[in-house]
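The values are calculated or read from the model by the stated rules, or taken from the named source; none is laboratory data. No experiment lies behind these values; they were computed from the predicted model shown. A quick note on method: Cβ atoms are made from the backbone with ideal geometry, for glycine too, and the neighbour counts reach across all protein chains shown. With ligands, DNA and RNA removed, areas are computed over all heavy atoms of the protein, side chains included. Shrake-Rupley method; radii C 1.70, N 1.55, O 1.52, S 1.80 Å.
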Amino acid sequence: MDNLQVLLMGFISMVIVNNMVFTKFLGTCPYLGVSGRIDMAFGMGAAVTFVVTLSGLLTWMVDHWIMTPLHLEVLNSLCFILVIAGAVQLVEMYLRKFFVGLYEAFGIFLPLITTNCVILGMCLFLERWGVDSLLEAVVLSFGSGVGFTVAICIMAAIRENMRMSDIPRCLQNAPITLITAGLLTLAFMGFSGMIR
Amino acid sequence: MAAENATFSSPRRTFLAGIFRENPTLVLLVGMCPPLAVTTALKPALTMGLSVIFVLVGSNLVVSLMRKMLRPHVRMLMFTVTIAAFVTVADLFLQAFSPEMSAKLGAYIPLIIVNCIIIFRAEACASKCGPWISILDGLGMGIGFTLAMCLLGTVREVFATGCILGIPVLRTTAAGGWFTPWAAMSMPCGAFITLGLILALVSQLTRKK
């Protein structure tokens, strides 16, 4: 039962307390770039969640079953990015062939995701934190994806409302988005230290 | 397209574009993760900037040398592998010669691989231009990025601790002075807000011209 609790805590901690966007600044580019509309933001979030879970699983396996036994840790980051790029490519081809609706919903985001820092960042953090169990790795990656979705959707909702407000000209677009992000981070800091 | 050609028309323009007119962080707004994450103080910001210059120049050179061999569908993969190779070199170099910095920057050095600036320059410049222009472009962009990072790092370090590179410039209350350090500046929210204000300043200045 302890195990389940650890997994649940890990998940919550990745979604809220150690949110990738708010505490590690990973995925800031799409967070600022794609967060103009809430449906786009959700599509991006869903695609990221899917890919990060998959690549968290794959890179954990590659790291523990191939790289570590062969003492090739030096090549870890090179290898991870190849695994991620390959996985993204395969997922894209598979979706285009078998799930046309789903492909149209978030297909356009998939190529962008290869260079999304959340994905590679999560794989590297899994390695650095020394996560030993496969299940834990999958749950933590899934949590980070959900956390990213939460962050980008909140941001998109705020920005949709902000369109109606009168912002000074020099603050328009990027500056006000960054300042909003800063205030949002301040709000999420309230959760820090809750778990782990 | 016309503007792009003008940028690459002379070596000097290519070099200066990255620093001012097309500064990656302040104007183009690409590769925002490292500027926010590692600029808690000037020193990590500088280390990060130098690593990025190294990777950017190296990958631009290699991509430019193999630009005739690139095939559209594997292009991105080739860029990524080239970049990852240079990042691994930079990472190992830091681990060997500056272990404390390496520990402090942690996963953010390998994360240079997915920094949009580098892949963006490989795509926009190095895959079209010769090696000489590509090196200058990489150098210009890298210096522009480093300057922006140092600006952010300096502002945050001064307000968070009253020091620059660990040397006190403002007398803090703890040392008997007047300045109360702002803890928030060294936290994530400080990064976002400072960068937002710097961008606002830049857009204000460029608008008047």
- Say we look at the range B:10-27 and pick out the residues that are closer than 19 Å to B:Glu123 by Cβ and of a type in the set (S, T, N, Q); which of these is modelled with the highest pLDDT? B:Asn23
- Query: If a residue has to be surrounded by 13 or more Cβ atoms within 10 Å (Cβ to Cβ), away from chain B (no Cβ under 14 Å) and in a helix (DSSP H, G or I) to count, how many in the range A:155-196 make the cut?
  - Reply: 3
- Residue by residue through the range A:132-179, note down the ones that are closer than 24 Å to A:Leu120 by Cβ and acidic (Asp, Glu). A:Asp132, A:Glu136
- Message: What's the number of the only condition in (1) surrounded by 21 or more Cβ atoms within 10 Å (Cβ to Cβ); (2) modelled with pLDDT under 80 that B:Val87 fails to meet?
- Response: (2)
- Note on B:Phe79: of the conditions (1) exposed (fewer than 14 other Cβ atoms within 10 Å of the Cβ); (2) touching a residue at least 24 places away in the same chain (Cβ under 8 Å), unmet is (1)
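This table checks each residue for (1) within 13 Å of chain B (Cβ to nearest Cβ); (2) of a type in the set (A, V, I, L, M, F, W, C); (3) more than 23 Å from B:Ala85 (Cα to Cα).
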| site | (1), (2), (3) |
| --- | --- |
| A:Met40 | no, yes, yes |
| A:Gly56 | no, no, no |
| A:Leu75 | yes, yes, no |
| A:Glu92 | yes, no, yes |
- In the range B:28-51, is there at least one residue being more than 14 Å from chain A (Cβ to nearest Cβ), within 23 Å of A:Phe22 (Cβ to Cβ) and of a type in the set (A, V, I, L, M, F, W, C)? yes
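Conditions (1) more than 10 Å from chain B (Cβ to nearest Cβ); (2) assigned to a helix (DSSP H, G or I); (3) open to solvent by less than 40 Å² (accessible area, probe 1.4 Å), marked per residue:
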site	(1), (2), (3)
A:Phe125	no, yes, yes
A:Arg128	no, yes, no
A:Val131	yes, no, yes
A:Gly143	yes, yes, yes
A:Thr149	yes, yes, yes
A:Ile152	yes, yes, yes
